[in-house]
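The block underneath contains the structure these notes are about, expressed in structure tokens.
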Number of protein chains: 4
Amino acid sequence: MTAQSIGKRLWAIPEGYIPKYSHGPEPEMLSHETACILNTNDEDAHISITLYFTDRDPAGPYEVDVPARRTLHLRFNDLKDPEPVPRGTDYASTIVSNVPVIVQHTRLDSRQPENALLSTIAYGQS
Amino acid sequence: MTAQSIGKRLWAIPEGYIPKYSHGPEPEMLSHETACILNTNDEDAHISITLYFTDRDPAGPYEVDVPARRTLHLRFNDLKDPEPVPRGTDYASTIVSNVPVIVQHTRLDSRQPENALLSTIAYGQS
Amino acid sequence: MTAQSIGKRLWAIPEGYIPKYSHGPEPEMLSHETACILNTNDEDAHISITLYFTDRDPAGPYEVDVPARRTLHLRFNDLKDPEPVPRGTDYASTIVSNVPVIVQHTRLDSRQPENALLSTIAYGQS
Amino acid sequence: MTAQSIGKRLWAIPEGYIPKYSHGPEPEMLSHETACILNTNDEDAHISITLYFTDRDPAGPYEVDVPARRTLHLRFNDLKDPEPVPRGTDYASTIVSNVPVIVQHTRLDSRQPENALLSTIAYGQS
């Protein structure tokens, strides 16, 4: 039994929102929006992220690599190139990989003293 | 690698409930129920929403457009025509599009001082 | 465009747990575990639920109907026949329908003053 | 109508993180990360879990059994052999079974007085 090549190459996360402020010690309690990407393959995954908005053209592509047999819990907060992700703004994202990966979307919202969490496996398509 | 035409044309969200009251500054902290819709196509998506209830006939259709290469984070609270969504009432919804889209369901519950969040990719079918 | 017959006839929810106690006004803030079922068909759905446990044989079947073009937000707390759902006990469930339906799993945990929420579309199979 | 053999044999959970500390009475309110596994088959499921990390080789396999017609709500906190799951560290997991099962991922985060919850059906593949 092996888990090699599990996943899909095209993923979408319609929900995206990075709050403008946080509450609690950083970086652990900083409000953040995460795409957790798992690459079970024996080769590196080259990943291209595009951000969609309500009233402007898409941003990107943002390029990231997930090495072979590794996971990357990518914070959208950390995306800088070609442009940072605007705070307090609705967005959505697509994640395209050259090899099958699995993507899970998680948000920690710490605008208030007690955190709130959400998570879902993203929408995947072959 | 392109993300064009990712998604499905038929979606369902069995869970729906808009609390009767909120806590915190509006509109950001208003209790709300959202269908985040992503349209990666080069053409606009024409979307038809139907609401289902426990003990009455369905309401709708509610018609909304999501422009090409845009996302819409639609608050059910804002649906007005043909009728507003009743508060404090169980409902469910179907979302039908003329082109493939992706739908994610999110709720912010601010009935209490500390918010709670839930989210899931909706159920999609070709 | 119609949403008729969307869904699947076999669903599973591996996570199940009804806390032993609650905090806040009942019934709204009573800790509860819900299977939200949507029936978009023009005929009633006859549904059979089985509960699985860690260290005893399954319980059920529990029989419920969801009328044509209605949703039922079924609280596991309310299941009584053939036996109530034990509190403070891990369980899982399968939901079998004679017509296609969609199932979403939600929990409100009010053991503490501020509620926590979780939700996911259940696992569906044709 | 029967629910026998519902599920898939290969599952992935890209998100994984066990907080370093908790708040509240143990074991109920101990921060934990859970894979809820449901086996509806008439035979036992032999399950092999592999953990993936950001900057080191995978750990495992961890071997667990889920008896016929039982559910196991497995806490990653409890995995000990071949090595415990590091706290405060990003990880991901794959879950491989010899018979079809269903897997749901849940986290209770009790780092703060009021708990936060997340849950999603894991990513399954035949």
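The values are calculated or read from the model by the stated rules, or taken from the named source; none is laboratory data. Everything numeric in this text was worked out from a predicted model, so none of it was measured. Note that each Cβ is placed from the backbone with ideal geometry, even for glycine, and that neighbours are counted across all protein chains shown.
Remarks
- Unmet criterion (only one of (1) modelled with pLDDT under 95; (2) crowded, with 16+ Cβ neighbours inside 10 Å) for B:Ile49: (1)
- Only strands (runs of 3 or more DSSP E) whose full extent lies in segment A:50-126 are considered here, and the ones with at least 2 residues that are over 12 Å from A:Ala35 (Cα atoms) are A:59-66, A:91-109, A:116-121, A:123-125.
One line per residue, one yes/no per condition, for (1) on the phi > 0 side of the Ramachandran plot; (2) more than 7 Å from every other protein chain (Cβ to nearest Cβ); (3) β-branched (Val, Ile, Thr):
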{"site": "C:Phe53", "(1), (2), (3)": "no, no, no"}
{"site": "C:Asp65", "(1), (2), (3)": "no, yes, no"}
{"site": "C:Asp90", "(1), (2), (3)": "no, no, no"}
{"site": "C:Ile102", "(1), (2), (3)": "no, no, yes"}
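- Index of the failed condition, D:Val85 passing every other in (1) over 22 Å from A:Leu118 (Cβ atoms); (2) free of Cβ contacts under 8 Å to residues at least 60 places away in the same chain; (3) away from chain C (no Cβ under 14 Å): (2)
- Residue check for C:Thr71: closer than 25 Å to B:Gly88 by Cα and modelled with pLDDT of 95 or more: yes
- Residue match in segment B:67-75 (condition: away from chain C (no Cβ under 14 Å), surrounded by fewer than 16 Cβ atoms within 10 Å (Cβ to Cβ) and aliphatic (A, V, I, L, M)): yes
- Per-region count, segment B:90-124, residues modelled with pLDDT of 95 or more and touching a Lys or Arg at 6+ places or on another chain (Cβ under 8 Å): 8
- Qualifying positions in segment A:26-46 - at the interface with another protein chain (Cβ under 8 Å from one of its Cβ atoms), at pLDDT 95 or above and closer than 28 Å to B:Arg70 by Cβ: A:Cys36, A:Ile37
- Residues of segment A:28-74 classified as over 17 Å from A:Ala12 (Cα atoms) and within 11 Å of the chain's Cα centre (by Cα), total: 1
- Some residue of segment A:27-38 being surrounded by fewer than 20 Cβ atoms within 10 Å (Cβ to Cβ), outside any loop (DSSP other than H, G, I, E, B) and in contact with an Asp or Glu (Cβ under 8 Å, 6 or more places away or on another chain): no
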